[in-house]
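Read through the structure below, which is laid out as structure tokens, and then see the notes.
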Amino acid sequence: MHHETANQALPHISPATPGGSTASFSPAASFDFPQRPLKKHRGSYNCGRCGLPKKGHVCHLPPPSAASPAAASAATPTSAISTATPSAPSYRPPAATRQQHSRLPRALSFDDIDLRCDSPEPEMDESESDLLPASCMWEVLRRLPPASLLAAAGVCKSWRDTTRRLWRAAEELRFRVPPRAQLGFVGSLLQKCPALLRLNLRMESDVDATMLACIAFSCPNLEVMEISMSDTAVNRITGDELGRFVADRRCLTSLKMEGCTNLGGFVVCSSSLSTLWLSDLYCLSKMVFNCPSLKEISLDFSRQENDNTDLVAMADGLGRGCPRLQNIHIASLRLSHPAVLALTAASLRSLRMLSLVLGTEITDASVAAIASSYSKLELLDLSGSSISDSGIGMICNVFPGTLSRLLLALCPNITSSGIQFATAQLPHLELMDCGMSICDPGSPYPTSEETDEFELQTTFKNQMHLIYQKLIIKHARLRKLSLWGCSGLDALYLNCPELGDLNLNSCKNLHPERVLLQCPSLESVHASGCHNLLIGAIQSQVSNSVAATENYFPSKRLADGSKRIRVPNFLSQQGQSPLQPCDDDKKRKRISSRPCNVLVD
């Protein structure tokens, strides 16, 4: 009798109805297998209320109401279309109900945690109590370099998902390409970052057009790209390949590339490009620029004397194709006066920074042409030129109200008088570089063994026939002064309250007793290659910053107002609370809290 009642309680699949409706079935009897003799009658392994496996399961549905066996047998379906209520045992609850009450623990399951402040905290087991929140994990992983981020992806599934989201959200990527890295290594990293905007590659392997194609395919929205080369890597990109890459990237605004020795010639056409840096250029047959938005250009040519690049045609093309240029930097041994004339004829009205480096044929006439065409320059770099003190005088007459940075390194025709005149006539000057300008080519370079006082005095006595120069600079806004390699200097007097960086490297003939530094804001002095006595004199002056500046004591007049006297320190503190330091002590602490470092290699 018990077997028959059990068999009746299990519904079976009835054939389709004449109306075409399919039969419904309960989770306890999903399929109608053929009747076989059962050796043993076992209970169901599924829950009778919700149909889920019983093992490790706590049902969330309420127990059914008590009913008689007769009523249970009467509830057996007799029609193909079932309309059972949710309280019937054969009802399957919707899938959403199962997900809401799921408490299955998952390691680092950040997907189920709501990061909003108004949401309740999820229940966590003891094994999950030490885990970081998703926001903290995100902030930790986003600070890892690419190599460490790839390693973190192998910890577990949740870490892998978090790193995958980080790659997808990355807008800037900087990494080093090892020497034997394949193209697939770079491609696999770039494909992880579909939203990449800025890319910086340090190449230790060769670069060719395939690398450019990989970058173009993986980063369609790239805005800034910088490729730097190591000493062993070779850049094999040609000018045509570079031109096609720039023309196809409509979002590209900045391009910086080193090792461009194989370009041969190029045509750059872009309406979005604003910054272009190309270094190690050599023997370019043509250079065509059609970049109306270009504001900064840097062309660094190779230091080989057989370079036959036509810089006059290049300067003429810059004026026609790049009318909005603001910063120009050109470093080449072939810079000459005709090239400067072609650049001044371009009439670049927005030009603010001009750097023409290593042009030995640039003379005072070139300075006159620059001064007549561009009178609003803020930076002028003529390092390596042949200008003299007359050229410095023209610079001071034209740019007294705008020029803030003047670089005249490696200019053998200028003297200390010209440098003093420049600092006196340019009140807005903040940076001055005169390295290797006031030099003595006939004197030997000092060795590390010439360190004691006797050898230093012997060196001075043996070189008395040489004409040394002294430099006196008093400037209120000068912040950085570079006199590296000025071996022709014998005396130096500086009164610059804002000076923070002073470079005296290889000033070997500077006398220790003829150095006076009245620079209370001085932070670093570079003195490598100098004698030990000079280094000691500099250290003694900058170590006691209070003594180097004016000894500050409060002053007051006499009763008749006829004379100012200095009040001693113990009298100035009378009338003040001993727990409250006076203003004079605060000022002394403020001055002495700026230590200066003397850097000696």
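The values are calculated or read from the model by the stated rules, or taken from the named source; none is laboratory data. These numbers come from a predicted model, not from an experiment. Ideal geometry is used to build each Cβ from the backbone, glycine not excepted, and the neighbour counts take in all protein chains shown. Remember, those area values only see protein heavy atoms, side chains included, never the ligands or the DNA or RNA. Shrake-Rupley method; radii C 1.70, N 1.55, O 1.52, S 1.80 Å.
Values as computed for the structure displayed
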{"quantity": "Estimated FRET transfer efficiency when R0 is 35 angstrom, pair Cys214-Ser521 (beta carbons, to 0.05)", "calculated": "0.10"}
{"quantity": "Ranked packing of 507-516, 141-150, most packed first, by mean Cβ within 10 Å", "calculated": "507-516, 141-150"}
{"quantity": "Calculated FRET efficiency for the pair Arg165/Tyr493, C-beta based, R₀ 45 Å, to 0.05", "calculated": "0.15"}
{"quantity": "Fraction of accessible area attributable to carbon and sulfur, the stretch 177-225 (%, probe 1.4 Å)", "calculated": "55 percent"}
{"quantity": "Probe 1.4 Å - accessible area at Ser383, Å² to nearest ten", "calculated": "10 Å²"}
{"quantity": "Backbone HN-Hα couplings from phi across the stretch 499-512 [Karplus 6.51/-1.76/1.60, Hz, Gly and Pro as x]", "calculated": "5, x, 9, 10, 10, 10, 4, 6, 7, 6, 9, 6, 7, x"}
{"quantity": "In Å², nearest 10: area of Tyr282 left accessible to a 1.4 Å probe", "calculated": "60 Å²"}
{"quantity": "Accessible solvent surface per residue of the stretch 187-315, calculated while the other protein chains remain in place, 1.4 angstrom probe, Å²", "calculated": "42 Å²"}
{"quantity": "Test item: Cα-centred dipole of the stretch 255-343, Lys/Arg +1 and Asp/Glu -1 on Cβ, debye", "calculated": "280 debye"}
{"quantity": "Share of carbon and sulfur in the accessible heavy-atom surface of the stretch 276-420 [1.4 Å probe, %]", "calculated": "49 percent"}
{"quantity": "Rounded, prolate or oblate (a/c below 1.5 giving rounded, otherwise prolate when a/b exceeds b/c) for the stretch 147-256 by Cα gyration tensor", "calculated": "oblate"}
{"quantity": "Residue-wise HN-Hα coupling along the stretch 184-190, computed from phi with Karplus coefficients 6.51, -1.76, 1.60 (Hz; x: Gly, Pro)", "calculated": "x, 5, 5, x, 5, 6, 5"}
{"quantity": "Gain upon complete extension [Asn200, Leu599; 0.36 nm per residue less C-alpha separation]", "calculated": "140.5 nm"}
